[in-house]
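Trainee: Below is the structure I would like to discuss, written out as structure tokens.
Each value in this text was obtained by applying a stated rule to the coordinates, not by laboratory testing. Just so it is clear, the structure is predicted and the values come from calculations on it, not from any experiment. Note: ideal-geometry Cβ built from the backbone for every residue, glycine included; neighbour counts use all protein chains shown.
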Amino acid sequence: MVLPPLPRPYQDTAAYWEAAKEHRFIIQQCKDCSEFQFYPRGVCSHCLSSNLDWREASGKGEIYSCSVNYRAPHPGFADNTPFVLAIVALEEGPRMMTNIVECDPESVKIGMAVTVVFDDVTDEVTLPKFKPV
Ligand SMILES: [Zn+2]
């Protein structure tokens, strides 16, 4: 089995990936302006403060945009075609690129309510993905 490219956690993202491994979905919130952000990074994307905190997110959102991929862009995805690549608008506000799983790919529509699920790809890497509610 060929694995797809996997995330390599670093200083700004390690907490996110550790939480995912525990099947918890966390995102950053700025302690100065209170805005949430995704993806994890070292500064607030709204006010540039580095005073950031991690918050448990609801794991709820809706499809902002989506596409069904029929051809694997990498051998590691070949066993999963067709699959849905989507941008999910999280309940907290930020948008997140992810996969929509546990459904017929053709049934995924913009505006559909989704909730987080966790894909334990390896013993070390768990990917948050989403499924229809
Ligand atoms: Zn801020």
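Trainee: Limiting things to C-alpha atoms, what are the Rg and the maximum Cα-Cα separation (Dmax) for segment 51-124, in angstroms?
Mentor: Expressed in Å, the Cα Rg and Dmax of segment 51-124 come to 13.6, 42.
Trainee: Take Val68, Val2 and order them by how many other Cβ atoms sit within 10 Å, fewest up front.
Mentor: Starting with the residue having the fewest Cβ neighbours, the order is Val2, Val68.
Trainee: Can you compute 3J(HN,Hα) from phi for each residue in segment 10-24, using the Karplus curve 6.51 cos²θ - 1.76 cosθ + 1.60 with θ = phi - 60°, rounded to whole Hz and x for Gly and Pro?
Mentor: 9, 2, 7, 10, 4, 4, 4, 6, 5, 4, 4, 4, 8, 6, 10
Trainee: What is the antiparallel percent of DSSP beta bridges lying wholly in the chain, to the nearest 5?
Mentor: The antiparallel proportion sits near 95 percent.
Trainee: Putting +1 on Lys and Arg Cβ atoms and -1 on Asp and Glu Cβ atoms, find which of Val117, Ala15, Gln28 reaches farthest to the positive end of the dipole of the chain.
Mentor: In the chain, that residue is Gln28.
Trainee: Can you count the Lys pairs in the chain with C-alpha separation below 23 Å, eight or more apart or on different chains?
Mentor: 9
Trainee: Just to check I understand the Karplus step: with θ = phi - 60° and J = 6.51 cos²θ - 1.76 cosθ + 1.60, what whole-Hz values come out for segment 56-61, glycine and proline as x?
Mentor: 5, 8, 5, x, 9, x
Trainee: Are there any GluC sites (Glu not before Pro) in segment 1-72 that are in a DSSP loop and have at most 15 other Cβ atoms within 10 Å? List them by number.
Mentor: Glu22
Trainee: If you count, for each residue, the other Cβ atoms within 10 Å and average over each peptide, how do 40-52, 118-130 line up from highest to lowest?
Mentor: Packing order, densest peptide first, comes out as 118-130, 40-52.
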